[in-house]
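A.B. asks: Let me begin by handing over the structure; questions about it come next.
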Amino acid sequence: MKSRHHQTGPAPLPSREELAAFIASAPGKVGKREIARAFRLGSADRLWLKDRLRELEDDGTLARRGKRLRANGALPAVLVAEITGRDRDGELVAEPAEWDGETGSKPRIVIVPGRRVPPGLRAAGIGDRALVRIDPRPGEGGAHAGRIVKVLQKERTDILGVFKALPSGGGRIVPVDKKAQGREVMVAEADRNGAREGDLVSGALVRSSRFGLPQAKIREVLGSLKSEKAVSLVALHAHNIPHVFPTEVLAEAESAKPAGPKGREDWRDLPLVTIDPPDAKDHDDAVHAAPDPDPDNPGGFVLRIAIADVAAYVRPGSALDREALKRGNSVYFPDRVVPMLPERISNDLCSLRQGEPRPALAARITIAADGRKKRHSFHRIMMRSAARLSYGQAQAAIDGRPDDVTGPLLEPVLKPLWAAYAALGRARDRRGPLFLDLPERKIVLDAEGRVERVHVPERLEAHRLIEEFMILANVAAAEALEKANSPLVYRVHDEPSLEKMRALGEVLASVGHKLPKAGALKPALFNGILRAFAGSEHEPFINEVVLRSQAQAVYAAENLGHFGLNLRRYAHFTSPIRRYADLVVHRALIRAFGFGEDGLPAGTTTEQLSRIGEEISAAERRAMAAERDTIDRLIAFHLADQIGATFTGRISGVTKSGLFVKLSDTGADGFVPASTIGADYYRYEERQHALVGDRTGETYRLGDTVEVKLVEAAPVAGALRFELLSEGAGRTKRRGGAAKPSRASGARKRVVDMGGGPKRKRSGR
């Protein structure tokens, strides 16, 4: 390859193999520009290069992320990895924490020791999660070398479970992990460490043999689980979520003084209002709209979106800042909130309370009558909220039912807001974001912390209004910082991978529908698919597979755009009380526009922000998993006394071992082992997302409606096991691969270990 760069005159065009080898071995970002420079390709070769790269993508050799290319199945330069053990030489071995199984098995990463552990940080160990920088060239046996950038969470305890006391003394630990169900561990009386019946404990194995249960010693008693009120405690410890603020963090928060108006624009007379859920304790955004007085913008509006000025209290490098980065975001459980910032900051000094002066960072945005953004500017202000409204309260006023608070605000404040929202709606429809408006269930607990009911809150225009205003402000923040050449953390949502598009095409073909041929992927492609199946028997199934074809939204210092929202640039700006990414964007705006000395530190690099993006993306995924697990446990407690009851649900996941079923009324997930389905042998058809009976052709597919009976519940693990009922379940396969409804054979009862199922994932905006 080196001789090519020393030739004179035009270089010969590289082969497909040479292109693939260069992309696989090149460190850092690789795109058409880097390839053209390496192979001395001229402008006349651009079309040729584009065609060759498309061929390599189509045959699965390469994968694309935005404008970057990489070998399919290759590792990114920096990733979150789980340290799983040691090799023969004693070196730590890791694997990617997130990996798409469609690209093959997880790669093996050998951790190369660093020269020393940085001051204040501990060395990584087995069970840790860490940011790892990868050598792009695989070593012997395909293993990669990696260096630890930062340990993300503490070493996992060997056992986390609930202590069950025995009359004879000692007891057992029942694991909280679904995968460990049925693997109880014995604890001797001398090793109880004061644990009582129903306590959540962490323990370490002290002895294991081929006969009898393993023995463990309790290290720590974490709290009592006798009430469902403490169920979220399991998730906090299982996912290593920081939930106790260190003393220095609380002291720093308590000593903070209210920010004054000095150096700020005075917006205190502007009737900004907050619109939030009725039980919200912190209010970090306020809105206002008025017709634009500019005669050159007839029918246009001036919007003002004020966001709590968290940067005024949480300075870079402070104890508050370090803890906020460690947490990444607030975590919301049905029975508690684990905030990113102490209450003195989140619920007091930064909360935009009605009638109280508060510092804020604000966007002033002018839109045209058709919703197009004409211009925007950012301001550091002092404001005073004119009213604290709930979504339902604001909606009722617009619908003709104002109350004492909203009555005086209806004409001067609320109606202009709704008129501006109508204009933004026209722009949204023209832009065509991905339309997956999925219902979100909310668990309501009673005074004892038990599940009272599960319901889907009504989706109001008031919700969509705030959402559209926040999206607009987020776009303006990203554009303003790009124009100022400031580094920032983007919210990015990549387009679906080639592998997932192929899988979607196979699924559509199984129901007689072709994947539309298109050049560049756009949300409109998926919206068209959803419309084609609206109202049909396949609608739930197609909604599920379209959802699963989407990538996960993450934070990154490099702009890849937001596919789901169909936006070229997007950054989170509107919730700095509960998301660290927004605080970084606030600091970048403060520095870019000279708003004060508390902005992004001078010399902040894109590489530093990339590491922050990786860390807070991992924290977001951790929070989502903890929230899902807690809901599963609460509903399992709720259903534990309903063994034998029947329910309607939909198949939410299909694997070789069985079906995952989501109940229609509660959204609870449970498992149906394949061995208990009928009297046939069921074969897993990955392309169809289905189990198909060898003899009968009976088919159970993702999205099918089924009737099930609850046969077992494990509340601590949040696991449910179902049996399919004979009536109304199953389909019989036709020749063309389509299916028709049929009756399933009677279920054979068999007690097996329960496993966890795949949970719905949404690409966070």
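A.B. asks: Can you find a residue that is touching a helix residue (DSSP H, G or I) at 6+ places or on another chain (Cβ under 7 Å), more than 30 Å from H689 (Cβ to Cβ) and among the polar types (S, T, N, Q) anywhere in region 575-593?
C.D. replies: Yes, the conditions are met somewhere in region 575-593.
A.B. asks: For region 293-328, which positions are open to solvent by less than 20 Å² (accessible area, probe 1.4 Å), assigned to a helix (DSSP H, G or I) and over 24 Å from L270 (Cα atoms)?
C.D. replies: Selection gives A319, L320, D321, E323, A324, R327.
A.B. asks: With respect to N240, is the statement that it is closer than 30 Å to L160 by Cβ and polar (S, T, N, Q) true?
C.D. replies: Yes; evaluated as a whole, the condition is true for this residue.
A.B. asks: Before we move on, is L702 modelled with pLDDT of 90 or more and within 30 Å of the chain's Cα centre (by Cα)?
C.D. replies: no
A.B. asks: Quick one: what pairs do we get from region 641-662, first residue over 18 Å from G693 (Cβ atoms) and in a loop (DSSP other than H, G, I, E, B), second β-branched (V, I, T) and open to solvent by 30 Å² or more (accessible area, probe 1.4 Å), C-beta under 8 Å, 6+ apart or different chains?
C.D. replies: Listed pairs, sorted by first residue: I643/V711; G644/V711.
A.B. asks: In this structure, is R156 of a type outside the set (G, A, S), under 21 Å from V231 (Cα atoms), open to solvent by 60 Å² or more (accessible area, probe 1.4 Å) and at pLDDT 85 or above?
C.D. replies: When the stated conditions are applied, R156 does not pass them.
A.B. asks: Pairs under 6 Å by beta carbon, first residue within 14 Å of R701 (Cα to Cα) in region 504-524, partner part of a loop (DSSP other than H, G, I, E, B), six or more apart or different chains?
C.D. replies: Listed by first residue and then by second, the contacts come to E506/R687; L508/L515; S510/Q688; S510/G737; V511/H538.
A.B. asks: Among the residues of region 616-640, write down those that are not in a helix (DSSP H, G or I) and not small (G, A, S).
C.D. replies: Scanning region 616-640 gives no hits.
A.B. asks: From the set of residues in region 585-615 that are β-branched (V, I, T) and surrounded by fewer than 22 Cβ atoms within 10 Å (Cβ to Cβ), which is modelled with the highest pLDDT?
C.D. replies: I590
A.B. asks: Scanning region 350-377 for residues that are open to solvent by less than 10 Å² (accessible area, probe 1.4 Å) and hydroxyl-bearing (S, T, Y), which turns out nearest to the chain's Cα centre (by Cα)?
C.D. replies: If we take residues in region 350-377 being open to solvent by less than 10 Å² (accessible area, probe 1.4 Å) and hydroxyl-bearing (S, T, Y), then S351 is nearest to the chain's Cα centre (by Cα).
A.B. asks: Related question: Under the condition of being in contact (Cβ under 8 Å) with a residue 24 or more places away in the chain and either of a type in the set (V, I, T) or open to solvent by less than 20 Å² (accessible area, probe 1.4 Å) (or both), which residue from region 235-250 is nearest to Y313 (Cα to Cα)?
C.D. replies: Across region 235-250, the extreme among qualifying residues is V249.
A.B. asks: Can you tell which of Y391, Y421 is of a type in the set (S, T, Y), within 24 Å of A571 (Cβ to Cβ) and in contact with an Asp or Glu (Cβ under 9 Å, 6 or more places away or on another chain)?
C.D. replies: Y421
A.B. asks: When the residues of region 235-266 are filtered to those that are of a type in the set (A, V, I, L, M) and over 22 Å from P357 (Cα atoms), which remaining residue is modelled with the lowest pLDDT?
C.D. replies: The selected residue is A238.
A.B. asks: Among the helices (runs of 4 or more DSSP H) contained in region 464-552, which hold 2 or more residues that are closer than 30 Å to H376 by Cβ?
C.D. replies: In region 464-552, the matching helices (runs of 4 or more DSSP H) lie at 523-533.
A.B. asks: Return the only residue of L547, L521, L515, L498 being under 21 Å from L691 (Cα atoms) and at pLDDT below 90.
C.D. replies: After applying the criteria, what remains is L547.
A.B. asks: While we're on this one: Restricting to region 473-492, give me the number of residues that are open to solvent by 20 Å² or more (accessible area, probe 1.4 Å) and either in contact with a Leu (Cβ under 9 Å, 6 or more places away or on another chain) or at negative phi (or both).
C.D. replies: Number of matching residues: 6.
A.B. asks: Give region 221-234 a look and list any residue that's surrounded by fewer than 16 Cβ atoms within 10 Å (Cβ to Cβ), at pLDDT below 80 and touching a strand residue (DSSP E or B) at 6+ places or on another chain (Cβ under 8 Å), or say none.
C.D. replies: Within region 221-234, none qualify.
A.B. asks: Yes or no: A290 open to solvent by less than 40 Å² (accessible area, probe 1.4 Å), assigned to a helix (DSSP H, G or I) and touching a residue at least 60 places away in the same chain (Cβ under 8 Å)?
C.D. replies: No: the conditions fail for A290.
A.B. asks: I need every pair where a residue in region 543-561 that is in contact (Cβ under 8 Å) with a residue 60 or more places away in the chain and among the hydroxyl-bearing types (S, T, Y) has its Cβ under 7 Å from the Cβ of a residue that is surrounded by 21 or more Cβ atoms within 10 Å (Cβ to Cβ) and assigned to a loop (DSSP other than H, G, I, E, B), sequence separation at least 6 or different chains.
C.D. replies: Y555/V489
A.B. asks: Also: Identify, by number, the condition in (1) surrounded by fewer than 19 Cβ atoms within 10 Å (Cβ to Cβ); (2) farther than 25 Å from A306 by Cα that E495 doesn't meet.
C.D. replies: Going through the list (1) surrounded by fewer than 19 Cβ atoms within 10 Å (Cβ to Cβ); (2) farther than 25 Å from A306 by Cα, E495 breaks only (1).
A.B. asks: Let me ask something else. Among K50, K67, which is the only one that is within 36 Å of the chain's Cα centre (by Cα), within 26 Å of M501 (Cα to Cα), surrounded by fewer than 18 Cβ atoms within 10 Å (Cβ to Cβ) and modelled with pLDDT of 75 or more?
C.D. replies: Exactly one residue qualifies, and that residue is K50.
A.B. asks: Look through region 670-679, keep the residues that are part of a strand (DSSP E or B) and either open to solvent by less than 10 Å² (accessible area, probe 1.4 Å) or modelled with pLDDT under 85 (or both), and return whichever of them is farthest from T705 (Cα to Cα).
C.D. replies: If we take residues in region 670-679 being part of a strand (DSSP E or B) and either open to solvent by less than 10 Å² (accessible area, probe 1.4 Å) or modelled with pLDDT under 85 (or both), then P673 is farthest from T705 (Cα to Cα).
A.B. asks: Given the residues G667, G693, which is the only one that is on the phi > 0 side of the Ramachandran plot and surrounded by fewer than 24 Cβ atoms within 10 Å (Cβ to Cβ)?
C.D. replies: Testing whether each residue is on the phi > 0 side of the Ramachandran plot and surrounded by fewer than 24 Cβ atoms within 10 Å (Cβ to Cβ) leaves just G667.
A.B. asks: Considering each residue of region 687-711, count those that are acidic (D, E) and touching a residue at least 60 places away in the same chain (Cβ under 8 Å), and give that number.
C.D. replies: So the answer is 2.
A.B. asks: Of everything in region 378-402, what is open to solvent by 10 Å² or more (accessible area, probe 1.4 Å) and either free of Cβ contacts under 8 Å to residues at least 24 places away in the same chain or closer than 15 Å to L460 by Cα (or both)? Give them in sequence order.
C.D. replies: Matches in region 378-402: S390, Y391, G392, Q393, Q395, A396, I398, D399, G400, R401, P402.
A.B. asks: Continuing with this model, one more query. Starting from residues that are small (G, A, S) and closer than 20 Å to A308 by Cβ, keep the ones in region 546-584 and report whichever is surrounded by the fewest Cβ atoms within 10 Å (Cβ to Cβ).
C.D. replies: S575
A.B. asks: Follow-up question, since we're still on this one. Taking region 165-220 as the search range and keeping residues that are among the charged types (D, E, K, R), under 37 Å from the mean Cα position of the chain (by Cα) and at pLDDT 80 or above, which one is most open to solvent (accessible area, probe 1.4 Å)?
C.D. replies: R196
The values are calculated or read from the model by the stated rules, or taken from the named source; none is laboratory data. Please read these numbers as outputs of a predicted model, since none were measured by experiment. Here the Cβ is made from the backbone with ideal geometry for all residues, glycine too, and neighbour counts use every protein chain on show. Ligands, DNA and RNA are stripped out before the accessible areas are found, and what is left, the full protein with its side chains, is counted by its heavy atoms. Shrake-Rupley method; radii C 1.70, N 1.55, O 1.52, S 1.80 Å.
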